[in-house]
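See structure below.
Just so you know, all these numbers are worked out from the coordinates, no wet-lab data involved. Being a predicted model, the structure only gives us computed values, none of them experimental. Counting neighbours? That spans all protein chains shown, and the Cβs are built from the backbone with ideal geometry, glycine included.
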Amino acid sequence: MTAEFVHLHLHSDYSLLDGMGKIKDYVALAKEYQMGALALSDHGVMYGAYELYTTARQHGVKPIVGCEMYVAPRSMQDKQGKLDSDSAHLLVLARDYEGYQNLMKLVSYAHLDGYYYKPRIDHDLLAKHAKGLIVTSSCIGGEVPQLLLRGQEQEARERADMYRSIVGAEHYFIEIQDHPFSEQQEANKKLVALAREMKIPLVATCDVHYPKQEDAEIQDVLLCVQTGRMVSDDNRMRMASNTNYMRSPEEMVRAFGELPESLSNTLVIAEMCDLRIPTGEWILPHFEVPEGHTPATYLRELCEHGLSNRYDTVTSVIRERLEYELNIIEKKGYATYMLIVQDFVNWAREQEIAVTSRGSAAGSLVLYLTNTTSADPLEYGLPFERFLTVFRPSPPDIDMDFEDTRREEVIQYVTRKYGHDKVAQIITFGTMEARAAVRDVGRVLGISYGDCDAVAKMVQQGASLAETLEGSSALREWRGRDPQIRKLLDTAARLEGVTRHASTHAAGVIISRDPLVNYAPVQKEASGNKPLIQYNMTAAEGIGLLKMDFLGLANLSILGRAIKTIKQTTGVEINLDALPLEDTKTYELLSSGETTGVFQLESPGMRRYIKELRPTEIRDVAAMISLYRPGPMDFIPTYIERKHDPSKVSYLVPQLETILRDSYGVLVYQDDILILSIEVAGYTWEEADKLRKAVGKKIKAELDAQRDKFVQGCQSHGGLSSEKALELWDWLLPFARYGFGKSHAAAYALVAYQTAYLKANYPSEYMSAFLTVAAGNSEKIAAGIAECKRMGIDVLPPDVNLSREIFSLEPGVTPEDGPVPIRFGLGAIKNVGTGPIQAVVAAREKLPEQVFKSIEHLCQSADSRMVNKRVLESLIKAGALDTLGTRSQLLAVLDDAMAIGQRTQKATGAGQMSLFAGASTPAEEYIPSIILPAVPDTSRDQQLAWEKEMLGLYISEHPLTSALAGDRDPSVSLVGEITREMTGQQVQAIGMLTGTKVLTTKKKQSMLVAKLEDLTGSIDLVVFPEAYEKHSELLKDDKIVQIRGKLDERNDSLQMICETVQVYTPISGADADPRPDEARDDATRPQDSEPEDRKGNELRVLLSGTGDLDADIERVQRLYRLLRQYPGQERVTLQLRVAGRSLVVEPHNLDVHYSGALEAELEQLLGGRHWRLLDSGRMPDSDKVA
């Protein structure tokens, strides 16, 4: 039996942080209550309209799309103080598709034009777009009820009559609600009287904000989260009662039994509403083609032109592939789509914006010929069917990557070409994740920060609270004994998944044939003026809007900037698509594993594998990119082994040879699975794609069905036995779940190669681009500078007279035959910003000598409105003004210098400078001069601390430089000396702690993860609770410590498991002498003392390898300890025999006191007199290493 009431006034969680019900839950309740229809009327938005439309129809419930709109007190264009800040409510419902389109326009214009605190409409706009709409007087916040409550009956009649005349008498209703507060009851009486007087039909609603009555408390918490208040606060926004839930028809009958027409009118309205949103057809934009062409013929013409550009000889294979693709594209009606994409990609290329594709698009020859993609699909064996088949129900994704710093330029081009009203980005919604829910709920409930933080840290990233409780006995136990924690967890679990905020989709852009407001509601993004459609990606595609992905990729920005720098410095114009793919230097760089800054190949594990692989062609790079993923990663050692030893290649079944020959019999790509299932099991491309999706979903029933089909196909089509077919299935299954698409890997391999090529052949230009793009990311800049040092590229400190905004080359100080140094960019200094830096550089470039002569000269020249005290202090602390004085001097006179600058600029603006400067005398000669005071310079430690603060790293010197200047115990390793071969061993290392992060274990104990870094590298450090409790005071950021622990390997990265921590103290002087007093006395007896003329000589110790590496290392360590026992003034050098030549090594700070006692111990240790005492001026011919 159908219910005699339907809900028409309902708020979902898309009424952000106000409603808390999910659409699916409301629809399920409507079905349970046997309601034939359900309306959605979120506040000022239509975020959930299409979701309601599809979900309700799927469950046999009629969807009624609506919105509770805000009406401006005057015109929607008036936005004046408090006068226009209060808006009235108005419930608007769409009767049909025309009404739906008008509703979308009302909501859109409310956001785009009428927004003032809220998205607002006015009466004129409603009148303009009233067709197909039903309007009610709304809740107690509506104009009519508010006028009645203020005693303005005549104004209320006029307003009601106005609405009735706008939408028609049969489409305007007086709305009454049953909520137990006095204003509502008073308003109801007056509303009923008004309705009867004016013969306007009544309609009963419930102002629904949550599904069930027991959700009231949870919704109250949600309101507190939204408003930033505590639940315990007295004076705060709250619902007046717990009656704002989706009541059953029986409850509504009890509430409005005396006004039965108000209930039956809900059915009247539901009957009036019959919305059908067109679906199933794609709304492709119009693309202008030359006269005499259709989109299909013009696309063919572009491809024919591309054939001559891309190929020297057009073979029958190429021609057949092109015809095959064009036929499918034309049959599917996607020629316009292809033309649109090639147009904006080629525009980007013309603007010298680096671009590549991702996903399956590289498998299209048409896109390759139209210069949209860069990888030749025939050369790389990329199947078109992964991109498009006749069976595909939707347009294929053509995901394009652009330089992330210039992506917006491409979007703006598209906007100009197709119209501002036809292009918008896509909205996306953030939901309350478990961790955030715990923190938010804990805050509004007044639970201590410590407890909330501890609970939140026990929730694994991405896990739900239910999953966390199931896996954490500690959290379950805490919940069981602490009622406050139980309430926290139970409340947070109820709010988990509730829509929290709206933001912009990272890549999706909609291009429409007609103004977008005809198809979707539009608003502006929260942080700017870019238009967004209010429907998410799924809804946009459901109504037929064409989504294109414009993605930003930082590595493309590096390539783009590097190409410009190369052209500026060398005159060479680089065409990325024309790079030689057999460059020896590039493959040497890749084989070295020194791939910092190389796209996709930077991680420690990837560097290790690429070094072992020693790639010789770009297919090797594509294979590594594809294999370096969970699952396929297990195949990497096999791939490497078979590449270097073809005799190890084997195939599980003979048919695999033609499929996997190029990958040495190893499954590398998802495409291998597809082709295998077609060739061996007789699948069609459509069936193969279903297999791929089934394996990815891991749904047992689907997998079982696919396994049976696959095994049968292998037997009937491939001639395999049942056992062999099952073996083949089990072999491919783990890989298929995680495999990479071959087209995607090929496109990304090209970018990886391009970055490696530029790094190998133009190292300074490439690294300057890398550093510029990394600006704002201290960790990346530090890694880049470390890589520059390894490559022998000097990175010069920031200098206000030499630096540009970006990192730049400084060829004037290039060492002979060395790489060009890089000057630190001013834009990478913190607290400065782009505007002030551009003002400084612009002012400098206007000066005759393009040099600031003093700090007051800088203050006079640069716009003081942009370059304020904070900016100048940051520049000074970063060392960018060191050529103008010491940092302490500059800080001491900064206020005076700024005052002079402001006076000068003010006088210049008033035209007064001519009073002080002659007609032919440069004004610069009249700059007032500040005498820098004789104040002590800031300490080195303070300067380094400022550099770290302002630059995010140490540029002039690392604190470890001086800390390690003393002697180091040979048993202590530098981070760079710790290798994978030491895994499982005890190691000691000295370094600085960075990135310290305290975590809470399941047992509520504290532990720490951090980086331990020195001048040679960094390593992950893990300090478990027991060690952390002992050493927590030492485990702070920027502390220099000596760590002892066990070396472990996890996720292809090395990490130290800390056991002990101590403050590092260098070995020096007598403090380091471990000998008993007698031994020290022996060393200082007069008869053993060296003659006066022997001081400053060199003790040359001769060492030869024994072939036993461990014994040799032990001997050197014993020698080192012995020499440290005799501190003095004689230099020590070690002469080693290495690879047939003599190599002299001079240990730092190892000077000895040569004596008879030392002679005796040396002879005993070395087994003979294997040393010489040399005059400091004599140096034998040999290689010397300092």
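Take every DSSP beta bridge whose two residues both sit in the chain; close to 65 percent of them are antiparallel.
Between segment 311-328 and segment 935-960, the C-alpha centres lie 63 angstrom from each other.
Contact order, relative form, for segment 433-496: 42 percent (alpha carbon pairs under 8 Å, 6 or more residues apart, mean separation divided by residue count). Basic side chains Lys and Arg get +1 at the Cβ, acidic Asp and Glu get -1 at the Cβ, and with that the dipole of the chain about its Cα centre reaches some 1540 debye.
Cα convex hull, segment 343-425: 111 Å³ per residue, rounded to a whole number. Each of SER232, THR266, ILE610 was scored by the projection of its Cα onto the charge dipole of the chain, and the greatest displacement toward the positive side belongs to THR266; charges sit on the C-beta of Lys, Arg, Asp and Glu.
In terms of surrounding Cβ atoms within a 10 Å radius of their Cβ, CYS303, CYS714 rank from fewest to most as CYS303, CYS714. Binning the C-alpha pair distances of segment 959-1063 at 10 Å intervals from 0 yields a P(r) profile of 16, 51, 29, 4, 0 %, listed from the shortest bin outward.
Can I get the semi-axes of segment 265-344's equivalent ellipsoid? Compute them from the C-alpha gyration tensor as square roots of 5 times the eigenvalues, in angstrom, largest first. Display every interim value, and only then the final one.
Numbers: eigenvalues 381, 39, 17 Å².
In descending order the semi-axes read 44, 14, 9 Å.
Taking the inverse of the mean 1/r over every pair of distinct Cα atoms in segment 974-1032 gives a Kirkwood hydrodynamic radius of 12.5 Å. Under the criterion of Cα pairs below 8 Å and six or more residues apart, the relative contact order for segment 85-183 equals 30 percent. In segment 204-250 the Cα-Cα distances spread across 10 Å bins starting at 0 as 27, 50, 19, 4 percent of all pairs. Calculate, in whole percent, how much of the Cα-Cα pair population of segment 161-221 lies beyond 19 Å. In whole percent, the long-distance tail amounts to 46.
From the C-alpha gyration tensor of segment 518-646, pull out the three semi-axes of the equivalent ellipsoid (sqrt of 5λ each), sorted largest to smallest, in whole Å.
In descending order the semi-axes read 39, 24, 13 Å.
With an 8 Å Cα cut-off and a minimum separation of 6 or more residues, compute the relative contact order for the chain in percent. Relative contact order for the chain comes out at 6 percent. Taking 0.36 nm per residue of sequence separation and removing the Cα-Cα distance, the ASP634/LYS524 pair yields an extension gain of 34.9 nm. Under the combined filter of DSSP loop state and at most 14 neighbouring Cβ atoms within 10 Å, segment 109-201 retains these trypsin sites (Lys or Arg not before Pro): LYS131, ARG150, LYS199.
Taking 7 Å steps out from each Cα toward its Cβ at ASN831 and LYS997 produces label points 2.7 nm apart. The peptide list 46-52, 684-690, put in order of mean Cβ contacts within 10 Å with the highest first, becomes 46-52, 684-690.
Considering only Cα atoms, the convex hull volume of the chain works out to 273 Å³ per residue. Secondary structure note: in segment 23-272, about 40% of the DSSP beta bridges are antiparallel.
Along segment 280-292 the Karplus relation, 6.51 cos²θ - 1.76 cosθ + 1.60 evaluated at θ = phi - 60°, assigns HN-Hα couplings of x, 10, 8, 8, 7, x, 7, 10, 6, 10, x, 4, x Hz to successive residues, with x for each Gly and Pro.
Across segment 778-951, Cα-Cα pairs farther apart than 26 Å form 34% of the total. Annotation: lysines with alpha-carbon distance below 21 angstrom to LYS700 (same-chain offsets under eight excluded): LYS690, LYS709.
Remark on GLY21: its backbone amide H falls under 5 Å from those of ASP13, a criterion applied only to residues 5 or more positions apart or on other chains, H modelled at 1.01 Å from N.
Volume per residue of the convex hull around the Cα atoms, evaluated for segment 465-531, comes out as 151 Å³. Here ASN327 and SER448 are evaluated by their C-beta separation; at R0 = 60 Å the FRET efficiency comes out at 0.30.
Straight-distance candidates among the lysines for linking to LYS190, with alpha-carbon spacing under 24 Å and chain neighbours fewer than 8 residues away dropped: LYS199. Here's the list of lysines a cross-link from LYS31 could span, going by alpha-carbon distance under 21 Å and ignoring same-chain residues fewer than 8 apart: LYS22, LYS62, LYS212. Equivalent ellipsoid of segment 392-531: semi-axes from √(5λ) of the C-alpha gyration tensor, largest first, are 43, 16, 14 Å.
Taking the Cα atoms of segment 715-829, the ratio Rg/Rh between the radius of gyration and the Kirkwood radius comes to 1.36.
Applying 1/(1 + (r/R0)^6) with R0 = 45 Å to the Cβ-Cβ distance of GLU197 and ASN235 gives a FRET efficiency near 0.70.
Building the convex hull from the alpha-carbon atoms of segment 1-101 and averaging its projection over directions returns 7.5 nm². Label reach from VAL572 (point 7 Å along Cα→C-beta): in segment 817-845, amide nitrogens under 14 Å belong to 819-820.
Normalised radius of gyration (Cα atoms, divided by 2.2 N^0.38 Å) for segment 617-723: 1.13. Measuring spread by the Cα atoms of segment 556-757 yields a radius of gyration and Dmax of 19.5, 65 Å. Remark: GLU32, GLU949 ranked as GLU32, GLU949, counting other beta-carbon atoms within 10 Å and listing the fewest first.
Based on the mean of other beta carbon atoms within 10 Å per residue, what is the order of 416-426, 591-601, most packed first? Mind dumping the intermediate values first?
On the way: 416-426: 18.5, 591-601: 20.9.
Sorting 416-426, 591-601 by mean packing, highest first, produces 591-601, 416-426.
Dimensions of segment 518-566 along the principal axes, based on C-alpha atoms and rounded to the nearest Å, stand at 48, 24, 15, largest first. Anything over 30 Å Cα to Cα? Flag those among LYS547/LYS759; LYS524/LYS564; LYS547/LYS742; LYS24/LYS693; LYS457/LYS877; LYS564/LYS643, in the order listed. Correct reply: LYS547/LYS759; LYS524/LYS564; LYS457/LYS877; LYS564/LYS643.
List HIS59, HIS43, HIS9 from most exposed to least, where exposure is judged by having the fewest other Cβ atoms within 10 Å.
HIS59, HIS43, HIS9
Legend: translational diffusion of segment 433-496 by Stokes-Einstein, Rh = Kirkwood radius over C-alpha pairs, 37 °C, 0.692 mPa s; D = 293 µm²/s.
Computed from point charges on the beta carbon alone (+1 for Lys and Arg, -1 for Asp and Glu), the dipole magnitude for segment 775-891 about its Cα centre is near 480 Debye. Compute the label zone of ASP78 within segment 122-140: residues whose backbone N is under 20 Å from the point 7 Å along Cα-to-Cβ. Counting only backbone N, you get 122-128.
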